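J.: Let me give you the structure first, and then I'll get to my questions.
Since every read-out is calculated from the coordinates, none of them should be taken as a lab result. All values reported here derive from a predicted model rather than from experimental measurement. Here the Cβ is made from the backbone with ideal geometry for all residues, glycine too, and neighbour counts use every protein chain on show.
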């Protein structure tokens with residue numbers, strides 16, 4: 001994998017793409033997505049795992065609401081991963097993750113994921129580098145298991161937000177009553193570790209890149225959400241799924 | 001791994017070992033085991049996974065009762081694996097297994113295990129050989145995960161019973177009212193596939209042998225149970241565990 005340098009990657013939409021065209025396209029994409037999700041559920045052969053990673057205030061929650069929240073909740077599950085519970089910490093780091101692997105026919109969205117164990121834990125040096133490397137190997141084995149043994153498609157999105165936009169959004173959380181519940185003073189300290197996080201992410205992209213990462217410019221929500229929706233649509237479309245036929249009469 | 005030939009391996013105790021000496025020794029082994037299990041629980045650093053495999057009537061249930069049933073149930077869990085449920089079949093074959101991986105401080109016993117997916121399914125040709133090979137690779141990755149990322153000791157026992165003894169035990173199930181609940185007419189058909197099962201087991205020993213298999217002569221219950229108890233005792237002993245000290249006064 002060639003090394004990605006996040007500082008060289010735009011966090012905004014390409015200039016030629018306007019909010020207006022995207023809004024129009026988004027309607028169509030979501031309609032197609034709705035139909036494809038129904039087909040995924042009906043055919044019951046494949047499953048889809050969507051991993052959402054990104055720094056605080058990069059817009060993971062919004063993407064879940066505006067893309068996956070538009071689909072039939074019968075076939076979509078969302079699982080956030082926060083600091084492990086006592087029982088979770090008494091197991092290997094993939095134990096709690098594996099439990100939420102998607103069943104056939106389902107879309108499973110991870111709000112943060114197993115990657116936190118090679119990101120936040122690395123940045124804060126809670127574990128040594130040898131362990132980090134071993135965890136990355138274990139992650140690769142784990143993702144291979146889902147792909148090989150349950151027909152799972154894995155889409156890994158990194159929401160790429162600029163420092164300015166992130167600061168703006170974190171500030172909003174101290175001012176807008178509807179956003180205050182998201183305020184966490186730790187986020188301010190974490191944001192200061194941006195360079196270390198970027199380095200850790202870049203390493204993840206290269207060592208856990210066999211299933212490639214999709215870096216999503218995330219300063220504008222309309223572009224971010226459209227890109228995610230479009231990628232999911234294209235992935236499901238590529239599966240060439242078919243509705244099962246009526247069973248033969250007995 | 002050198003290929004094991006099950007037909008060349010004794011299913012009875014070595015001649016020099018008598019039932020009397022073993023019975024005497026067993027008392028001591030179980031006492032030590034009881035203490036070591038308490039220590040494992042108290043220290044809360046390691047965990048132990050015991051995999052019990054063997055053909056029908058090879059004595060898995062008896063081993064569970066007479067060895068692990070002697071320990072404090074607070075620290076011992078037993079999980080049988082039968083034909084997968086609908087929900088389990090909608091996931092990769094290790095999904096239901098991983099959920100029962102032992103927490104730190106615990107002994108987890110598997111009555112049958114993930115190995116059924118490369119044994120019964122192979123013998124009956126329910127899956128192709130390529131899938132079997134891939135499953136074996138996935139099993140190796142999975143066991144490595146538990147060892148590397150949760151300090152799990154894995155002991156894999158194959159209970160080796162002769163055709164004669166197996167037939168005798170299956171027949172008992174049709175005659176002894178206390179054993180009839182175990183009777184399953186499918187077992188008779190499965191027993192006829194002994195050669196195919198042995199071949200499948202031999203392949204498992206060699207391809208999934210990085211964590212080695214312990215082949216237990218299982219025609220005599222007293223020997224089988226003593227050997228298992230002794231192996232578990234020796235394994236726990238080798239961990240050099242220590243009781244945690246009293247926390248320092250504040």
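J.: How many nm separate the modelled label positions at residue A:240 and residue A:34, each set 7 Å beyond the Cα in the direction of the Cβ?
T.: Computed distance between label sites residue A:240 and residue A:34 equals 2.8 nm.
J.: Between residue A:171 and residue A:210, what is the spin-label point distance in nm, taking each point 7 Å from the Cα along the Cα→C-beta axis?
T.: So the two model labels end up 4.5 nm from each other.
J.: Assuming 1.567 mPa s and 4 °C, estimate D for the protein assembly as shown with Stokes-Einstein, Rh taken as the Kirkwood radius over Cα pairs, in µm²/s. Please list the in-between numbers first.
T.: On the way: Rh = 25.9 Å.
For the chosen part, D equals 50 µm²/s.
J.: What FRET efficiency do you get for residue B:196 and residue B:10 if R0 is 25 Å and r is their Cβ-Cβ distance, rounded to the nearest 0.05? Provide the component values of the computation, followed by the final result.
T.: Values: r = 21 Å, r/R0 = 0.86.
Calculated transfer efficiency: 0.70.
J.: When only Cα pairs under 8 Å and 6 or more residues apart are kept, what is the percent relative contact order across the stretch A:97-221?
T.: Values: 86 pairs, mean separation 43.0, N = 125.
Answer for the stretch A:97-221 is 34 percent.
J.: For a paramagnetic label modelled at 7 Å from the Cα of residue B:18 toward its Cβ, which residues of the stretch B:214-250 fall within the zone defined by backbone nitrogen distances under 17 Å?
T.: B:222-223
J.: Extending each Cα 7 Å along its Cβ direction at residue B:137 and residue B:43, get the distance between those two points in nm, one decimal.
T.: Label-label distance for residue B:137 and residue B:43, simple model: 3.6 nm.
J.: Let me ask something additional. Antiparallel versus total DSSP beta bridges in the protein assembly as shown: what percent is that, nearest 5?
T.: On the way: 0 of 46 bridges.
So the antiparallel bridges in the protein assembly as shown amount to around 0 percent.
J.: So, one more: Which order do A:92, B:34 fall in if you start with the one that has the fewest other Cβ atoms within 10 Å? Please list the in-between numbers first.
T.: On the way: A:92 25, B:34 14.
With the fewest neighbours first, A:92, B:34 line up as B:34, A:92.
J.: Taking the Cα atoms of chain B, report the difference between the largest and smallest coordinate on each principal axis, in whole Å and largest first.
T.: 66, 47, 39
J.: For the stretch B:1-72, restrict the atom set to alpha-carbon positions and state the Rg and Dmax in Å.
T.: Here Rg and the maximum Cα pair distance are 15.7, 43 Å.
J.: Give me A:100, A:114 sorted ascending by neighbouring Cβ count inside 10 Å, so fewest comes first. List each step's numbers first, then the result.
T.: Details: A:100 15, A:114 22.
Least to most surrounded, the residues fall as A:100, A:114.
J.: Something else now. Mind pulling the per residue volume of the convex hull built on the Cα atoms of the stretch A:67-140? Å³ is fine. Each step should come with its number before you reach the end.
T.: On the way: hull volume 8.2 nm³, N = 74.
Hull volume normalised by residue count: 111 Å³.
J.: Just tell me how shielded B:145-156 is by partners: mean number of partner chain Cβ atoms within 10 Å of each residue's Cβ, no decimals. Let's see the in-between values first.
T.: Numbers: counts 13, 4, 1, 6, 10, 7, 1, 2, 0, 0, 0, 0.
Other-chain Cβ atoms within 10 Å of each residue's Cβ, averaged: 4.
J.: Tell me, what is the percent relative contact order of chain B, built from C-alpha pairs under 8 Å that lie six or more residues apart? Please report the intermediate quantities before stating the final value.
T.: Values: 330 pairs, mean separation 87.1, N = 250.
For chain B, the relative contact order is 35 percent.
J.: Let me have the 222 nm mean residue ellipticity of chain A computed from DSSP H runs of 4+ only, each contributing -39500 (n - 2.57), with the sum over all residues rounded to the nearest 500.
T.: Details: 10 runs with 118 residues, N = 250.
Rounded to the nearest 500, it is -14500 deg cm²/dmol.
J.: What is the fewest-to-most order of B:222, B:213, B:126 by other Cβ atoms lying within 10 Å of their Cβ?
T.: Details: B:222 16, B:213 20, B:126 10.
Final ranking by Cβ density, sparse to dense: B:126, B:222, B:213.
J.: In whole angstrom, note down how far apart the Cα centers of the stretch B:208-250 and the stretch A:83-99 are.
T.: That distance is 25 Å.
J.: Normalising by the residue count of the stretch A:91-156, find the relative contact order in percent from Cα pairs under 8 Å and 6+ residues apart. All intermediate terms of the calculation are to be shown ahead of the outcome.
T.: Details: 28 pairs, mean separation 20.2, N = 66.
So the answer I get is 31 percent.
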